[in-house]
Each structure stands twice: as C-alpha cells, then as structure tokens.
Number of protein chains: 2
Amino acid sequence: MGNAPEGKSRGHTRASAAEGVERALKMLEGRWKLEILFHLFGGNVLRFSELDRAIPGVSQKMLIQQLRQLEAEGIVARTVYPEVPPRVEYRLTDWGQMLCPALDALLGWAAARP
Amino acid sequence: MGNAPEGKSRGHTRASAAEGVERALKMLEGRWKLEILFHLFGGNVLRFSELDRAIPGVSQKMLIQQLRQLEAEGIVARTVYPEVPPRVEYRLTDWGQMLCPALDALLGWAAARP
DNA sequence: CGGAATCCGATAGGATACTG
DNA sequence: CAGTATCCTATCGGATTCCG
C-alpha cells in the first residue's frame, strides 16, 4: 500500500485499525455503560433493580437501553427466570470479562497524564 | 465500604475506576478523533490541509473542532509557523503516543469476539 | 492556508407516567 | 419487578459562507 513506515503491534493498516478501535469504542459509548460494566466485572450477577439502585441518577429507560445494547453486542448476558414476580439477572459474558484488562490499560494511560 | 470481593489490577474502587475510564473515553469520543490519532501515530507530523485531505468526509469545522479538543486534553500538539501563507502542524504529544498500546489492547479485545 | 461564524437536522439522553 | 411509551431538550455533527 505504498508506505508503511513501521507497523504497530499487529499487521493492521492505519485505516482498519482506526475502524476497529472505533467499533470497539462505540460499544462502550453511552452515558451509563461503563458504570454498568464496572458493577458487573469480577463475575458479579445483578438483577435489574439492583443495578438501578447501584447506579445513582440513571432512569429505568436509560438503564434498560444501555443493557440491551451491551447485550446485543455480546458483552452482557441476560437471564430471565419465569417466576412471579419476575426476576432478571445480568452478568458479563466471557468476552465481556475480557474487557477488563483493556480498560485497565486505558486507565493506566489516563493516570500517566503529565 | 462493606464489600470488596477482590480488586482488579490496581487499587481502584469500582466507582473511581469507572469515572477514570469514562474520562479517558470522553477524550476519544467524537466522530473523527480516532481517525486523526491513527494518522498521527508513529510520530507523523501533518499540516491542517494534509489531515483534511487524508480524512475523507470530514469538514473543516469538524476537523478543527476535534483537533482543538485533542489539543486541550494534551493529546495533540499544535505548532504555528508565522509565515505567509500560514503553516500549522499537528503531532502527538509524548502522552498522546502512549495511547497506542492502550488502543491496541482494545483492538485485541474486539478481535477476540466469539 | 487555516481557520471562524452561522444555520440546521439528527440523535442521545432526561423526566414522567403507565403496564404485564 | 422489570420493563414500555411519550414527550422534550441538549448536544453533536454536517453544509455553507466568510475572513486574516
């Protein structure tokens, strides 16, 4: 492709790397997603109402919206127990758990700010 | 604080880690920021017009806006040469360069999607 | 060349009320 | 309990025009 001065860790082109990271970031964008994720990291399993109470300021609409998006992306798993009253539990998928070190790298970078 | 099942890599509380990552992500949010960053990674130094041409679809307004935000956050450095016609160059700061491995971690995670 | 200023539509997110 | 549905606002981003 003309010029590739030197590769970054993998064999991506600048364009595809930008797109890939962009897609990854899009999955995490949203006012409440990170807060949800950090409550679920470590294998925690929480019900809708527990998340609602654990995250101050979130509305039910936003909470369910962000959860649904995380679920659609395969980061969060949703389990419905056919009981009455209804019980729904949220946890991270295996892949979702793998986000932790990546976010930690980002946190480390932010902490290194001059 | 009641319960701390087990810490993640560092000594952060869930709340502060979420906030920290949230701040980091906010710096990278914006339609064109990643594309800008990937053009500057590796020590590349580009003029405004070069970035403009290198990033198809971006308007001057958006380009300058995203550049200004990256500059304000200390990720990008802007150098003005008092010539005529004017010349302005953009490059990453040292700290900005350090973003690369963190984004690569994110890319690696995205690539591991089941 | 490297912007700034203005207008304008789309979307993200908040408040509130209602439901199976 | 775990959501829907509706309305409303603020911010984001695009298009265009003008300036030193």
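Bear in mind that the values in this text are calculations on the coordinates, not laboratory data. Bear in mind that the values here come from a model prediction, so they are computed numbers and not experimental data. Positions of Cβ are generated from backbone atoms using ideal geometry, with glycine treated the same way; all protein chains shown enter the neighbour counts.
For the reader, a short list of remarks on this structure follows.
- Leading residue at positive end of dipole, the protein assembly as shown (Cβ point charges), from A:Ala102, B:Leu37, B:Ala54: B:Ala54
- Centroid-to-centroid separation of the stretch B:79-114 and the stretch A:74-114 [C-alpha atoms, Å]: 27 Å
- Residue-averaged [θ]222 nm for the protein assembly as shown, counting only DSSP H segments that reach four residues, each worth -39500 (n - 2.57): -15500 deg cm²/dmol
- Note on A:21-32: average number of Cβ atoms from other chains within 10 Å of each residue's Cβ is 5.
- About the centre of its Cα atoms, chain A shows a dipole size close to 180 debye [charges on the beta carbon of Lys, Arg (+1) and Asp, Glu (-1) only; nearest 20 debye].
- Put simply, the amide H of A:Ala77, placed in the peptide plane, has neighbours under 5 Å in A:Arg91, A:Leu92, A:Thr93, leaving out anything fewer than 5 places away on its chain.
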